[in-house]
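Working notes for the structure below.
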């Protein structure tokens, strides 16, 4: 079996896994769906600075899951479209947007099939992240799709978890203390019975596959697709406390305490055609 066929099999497993995750995430407090929706909470101030004015622009959010971030773009006047591989996620996102009164449309498709799924439509701005790229096995193919989806002079913005964050792991291994240690160089297939949110275990499709991508993989894939890198930022803050020792910052996000090394946990990358 070729790598391409094996990747297709793994992504089908991921699709089933995200279908199974969706009801768990809808019932979770993680996304704040049980109160007043606040989609802007997921964005760092530098993201809005880098994205610039969005009013009147055609904007595509790839791998949007429940679409909460997509709603934030619509609130800023963009003609927002969300795309996700999971049918359950797209149905949930459509319902969440309708209840929020947000003018957003959602499309069910694998990122690699986005050009065809969107009928060749092109966008002024494409946004992706956080925790999206690890579910894509081939970044060169992804970047080629991005280039076809962007209008001339269109912009891509990636806000993604830093590879160092993924190397540290979500929590200490059993028997270890709370000290942060390098545990992974990359992630392959793993059981995904539990997700990153609070709530019960996922039932049914628990196989999930991730691919670790370094910053060089992302940047070189974009350069290979003739996109121009305009800005790269690294941040030591996250929108939620991944580890229990993290402290709240004035922005409302979370960082490691002062007695821990200051390390990048998130990066923002702006590129254009």
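Can you find a residue in the range 38-45 that is closer than 19 Å to residue 136 by Cβ, out of contact with any strand residue (DSSP E or B) (no Cβ under 7 Å at 6 or more places or on another chain) and at pLDDT 95 or above? Show your work before the answer.
Let us first name the residues in the range 38-45 that are closer than 19 Å to residue 136 by Cβ, namely none.
For the range 38-45, residues closer than 19 Å to residue 136 by Cβ, out of contact with any strand residue (DSSP E or B) (no Cβ under 7 Å at 6 or more places or on another chain) and at pLDDT 95 or above: absent.
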**Fill in**
Every listed condition ((1) at pLDDT below 90; (2) under 24 Å from residue 46 (Cβ atoms); (3) surrounded by fewer than 15 Cβ atoms within 10 Å (Cβ to Cβ)) holds for residue 77 save (1)
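For the range 54-167, list the helices (runs of 4 or more DSSP H) that sit wholly inside it and hold at least 2 residues that are in contact with a helix residue (DSSP H, G or I) (Cβ under 6 Å, 6 or more places away or on another chain) and without any contact (Cβ under 8 Å) to a residue 40 or more places away in the chain; which are they? Quick ask: steps written out before the conclusion?
On the way: elements: 68-75, 87-100, 114-117, 139-149.
Helices (runs of 4 or more DSSP H) meeting the threshold: 68-75, 139-149.
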**Asked** Among (1) in contact with a strand residue (DSSP E or B) (Cβ under 9 Å, 6 or more places away or on another chain); (2) in contact (Cβ under 8 Å) with a residue 60 or more places away in the chain; (3) assigned to a loop (DSSP other than H, G, I, E, B); (4) within 23 Å of residue 31 (Cβ to Cβ), which single condition is residue 244 missing?
**Response** (1)
**Asked** How many residues are at pLDDT below 95 and closer than 22 Å to residue 210 by Cβ when one looks only at the range 93-131?
**Response** 3
**Prompt:** Exactly one of (1) in contact with a strand residue (DSSP E or B) (Cβ under 6 Å, 6 or more places away or on another chain); (2) under 29 Å from residue 166 (Cα atoms); (3) at pLDDT 95 or above is unmet by residue 139. Its number?
**Reply:** (1)
**Residue count, the range 223-241 (criterion: loosely packed, with under 14 Cβ neighbours inside 10 Å, touching a strand residue (DSSP E or B) at 6+ places or on another chain (Cβ under 8 Å) and over 30 Å from residue 257 (Cα atoms))** = 3
**Asked** Failed condition for residue 208, given (1) modelled with pLDDT of 90 or more; (2) in a strand (DSSP E or B); (3) under 19 Å from the mean Cα position of the chain (by Cα), with all others met?
**Response** (1)
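Just to check your reading of the model, which residue among 35, 56 is over 17 Å from residue 98 (Cβ atoms), modelled with pLDDT of 95 or more and surrounded by fewer than 18 Cβ atoms within 10 Å (Cβ to Cβ)? Spell out how you get there, then give the answer.
Numbers: 35 fails: modelled with pLDDT of 95 or more.
Unique residue meeting the criteria: 56.
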**Prompt:** In this structure, does residue 164 turn out to be within 21 Å of residue 255 (Cα to Cα), out of contact with any strand residue (DSSP E or B) (no Cβ under 8 Å at 6 or more places or on another chain) and at pLDDT below 95?
**Reply:** yes
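The values are calculated or read from the model by the stated rules, or taken from the named source; none is laboratory data. These figures come from a predicted structure and were not determined experimentally. Every residue, glycine as well, gets a Cβ built from its backbone with ideal geometry; the counts of neighbours run over all protein chains shown.
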